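Below is one structure, written out as structure tokens; comments come after it.
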Amino acid sequence: MVEFSCCDRHARVILLDRQRHSAYFPGMMKTPHTLLSSMSQLRALLFGVEVEAGLQKLSAPERDVLYAAMSAHLSRDGFVRSDEIRGNALAEHLTDPTFQRALRSLVEKGYLRKAPGYKRGAYILS
């Protein structure tokens, strides 16, 4: 179970709203307007969590790379490899220079650290 300390109230409202509407209008979730409305609410919830975590200061590519790093599989040594980050759906749309800049920036800002004993391509999540 995932717990959010900040936007719990907003998450419950969204979930309750979805349950209420789907009970009265079973096909409602399939309309493009409703889908966009749900996506808008989820984006607002994510933005609120990002603000509380201080991530709104990061650029969109930096956030994408950070989220991809957080969801990548750790090696036996506890490192995350840059090729795994790069292969994640959140980061694969980035050009190579943008990806590398975002990765370097995340290291400079302390979100990632270079793994000891590796020249490049291995990072520790801070």
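The values are calculated or read from the model by the stated rules, or taken from the named source; none is laboratory data. Since this is a predicted model, take the numbers as computed values, not measurements. Methodologically, a virtual Cβ is constructed for each residue, glycine included, from the backbone with ideal geometry; neighbour enumeration extends over all protein chains shown.
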- Note on the structure: Filtering the range 30-77 for residues that are under 20 Å from Lys109 (Cα atoms) and touching a residue at least 40 places away in the same chain (Cβ under 8 Å) leaves a count of 10
- Message: Which count do you get for residues in the range 87-126 that are small (Gly, Ala, Ser) and in a helix (DSSP H, G or I)?
- Response: 3
- Note on the structure: In the range 111-126, anything in contact (Cβ under 8 Å) with a residue 24 or more places away in the chain and closer than 17 Å to Lys57 by Cβ is listed as Tyr111, Leu112
- Over the range 87-110, the set of residues more than 21 Å from Lys57 (Cβ to Cβ), surrounded by fewer than 14 Cβ atoms within 10 Å (Cβ to Cβ) and not small (Gly, Ala, Ser) is Glu92, His93, Thr95, Asp96, Pro97
- Item | Only one of Glu84, Glu92, Glu108 that is free of Cβ contacts under 8 Å to residues at least 12 places away in the same chain, over 19 Å from Gly54 (Cβ atoms) and not hydroxyl-bearing (Ser, Thr, Tyr) | Glu92
- Across the range 65-85, what is the number of residues that are modelled with pLDDT of 95 or more and charged (D, E, K, R)? 0
- Query: How many residues, within the range 42-86, are exposed (fewer than 13 other Cβ atoms within 10 Å of the Cβ), in a helix (DSSP H, G or I) and among the basic types (Lys, Arg)?
  - Reply: 2
